[in-house]
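The values are calculated or read from the model by the stated rules, or taken from the named source; none is laboratory data. Note that the structure is predicted; figures quoted are calculated from it, not measured. All Cβ positions, glycine included, derive from the backbone under ideal geometry; neighbour counts span all protein chains shown. Protein only, heavy atoms only, side chains kept; ligands, DNA and RNA dropped before computing areas. Shrake-Rupley method; radii C 1.70, N 1.55, O 1.52, S 1.80 Å.
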Amino acid sequence: MIGRAAARRSPGRAVVLLAVLASLAAPTPSAGAAPGGETVVYRVRAGDTLELIAAEYYGDRRYAVFIMSANKIARPRPLRPGERLKILVNRDVTTAPGDTLASLATTYLADPRRAPFLAEFNQLPPGSSLPAGTHISIPFQVTHVAATDERIGAIATTYFGDAKQAELLTRYNFLDRSVVSKGEAIAVPLVHVRVRDSRMPPSDEESTARANKRRQIAARAVTALPTAMAAWRDGNFSAVKRELADLDVDYLDAGPAVDISILLGAAYLAVDDEDSALARFKQALERKPRHSVSPYWFSPRIREVWLRAGGRVDPTP
């Protein structure tokens, strides 16, 4: 984050502005929005300035440079009432079954190796399993075109107010050097900028439906899983299947999803339905590939099918 001291220094703001103007003036490629994030259209009102609009959307007047970049405004100028401006905003995604951080990074950030940045922006552990219906925010980014040979530390100071963020830019662009050549473009993920919730575009119907389905299934699982566990202990395998079989585990967090899949697999084995058991065990391992089961809780036959599915068994004490 840009520090308060940096925020108070008018020269810092001038440096940012000059750098963006130089980037806009570069021949190719032009600066502006890069993959990741989207734009909304804002209609200028009387009295609006670039700084006021930036404060309304981003909570900081200094981020007017991003509005200039998105609209190819080369120099600060008065705005005309009724003028339409594109405003860069985070892209909100509601995950579908099968989505992963890597697949979302491929789609929205152009490379699966950027999954850790997506996790960090959403305050998730790297490699997190994503239930369907999960809200994920995609940071917007701009393309910086070097007007001359530029040190990445200087570019980091321009956009983040902190030369130490050069390490982030280097990793994000898969570089092994500290200088970018004149005319070279690099992506700058604005992970320190979030659009105010009140200014974000509304979710589409399909995304809203997935989010609602996730909430409903999670609420059902809270009561269904303990009931099914009690039925398992009583040997009532039909009750286990009745409680759990219609729960779509794609919409659950990894923990309960794995517990439900394993318990269902064990119940299917108890009635000699090995194919269904194997499918459920594989389903569990899709969410937690390194998950292991305890020999204390599961019979040799269950452990044998679990191993065939690709799972692990805890070593015997």
All conditions in (1) of a type outside the set (Val, Ile, Thr); (2) closer than 23 Å to THR100 by Cβ; (3) exposed (fewer than 13 other Cβ atoms within 10 Å of the Cβ) are true of TYR296 except (2)
Of those in the stretch 155-167 that are without any contact (Cβ under 8 Å) to a residue 24 or more places away in the chain and not polar (S, T, N, Q), the residue farthest from TYR63 (Cα to Cα) is GLU167
Residue under evaluation ALA54, criteria (1) assigned to a loop (DSSP other than H, G, I, E, B); (2) open to solvent by less than 10 Å² (accessible area, probe 1.4 Å), criterion not met = (1)
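Suppose we filter the stretch 226-251 for residues that are touching an Asp or Glu at 6+ places or on another chain (Cβ under 9 Å) and crowded, with 19+ Cβ neighbours inside 10 Å; how many remain?
Of the residues in the stretch 226-251, 2 are touching an Asp or Glu at 6+ places or on another chain (Cβ under 9 Å) and crowded, with 19+ Cβ neighbours inside 10 Å.
THR227: free of Cβ contacts under 8 Å to residues at least 12 places away in the same chain, over 29 Å from the mean Cα position of the chain (by Cα) and farther than 30 Å from VAL41 by Cβ, yes or no?
The answer is no for THR227.
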Those residues of the stretch 259-290 which are surrounded by fewer than 17 Cβ atoms within 10 Å (Cβ to Cβ) and touching a residue at least 24 places away in the same chain (Cβ under 8 Å) amount to VAL271, GLU274, LYS282, LYS288
Per the filter on the stretch 114-149, residues more than 19 Å from VAL191 (Cβ to Cβ) and without any contact (Cβ under 8 Å) to a residue 60 or more places away in the chain are THR148, ASP149
Any idea which residue in the stretch 182-204 is surrounded by the most Cβ atoms within 10 Å (Cβ to Cβ), counting only those that are at pLDDT 90 or above and charged (D, E, K, R)?
-> GLU184
Among what's in the stretch 33-51 and is open to solvent by 10 Å² or more (accessible area, probe 1.4 Å) and of a type in the set (Val, Ile, Thr), pick the residue that is modelled with the highest pLDDT.
-> THR49
Look at the stretch 157-181 and say how many of its residues are open to solvent by less than 40 Å² (accessible area, probe 1.4 Å), at pLDDT 90 or above, of a type in the set (A, V, I, L, M, F, W, C) and within 25 Å of the chain's Cα centre (by Cα).
-> 4
Only residues that are open to solvent by 50 Å² or more (accessible area, probe 1.4 Å), free of Cβ contacts under 8 Å to residues at least 60 places away in the same chain and more than 21 Å from PRO202 (Cβ to Cβ): list them for the stretch 88-106, please.
-> THR100, THR106
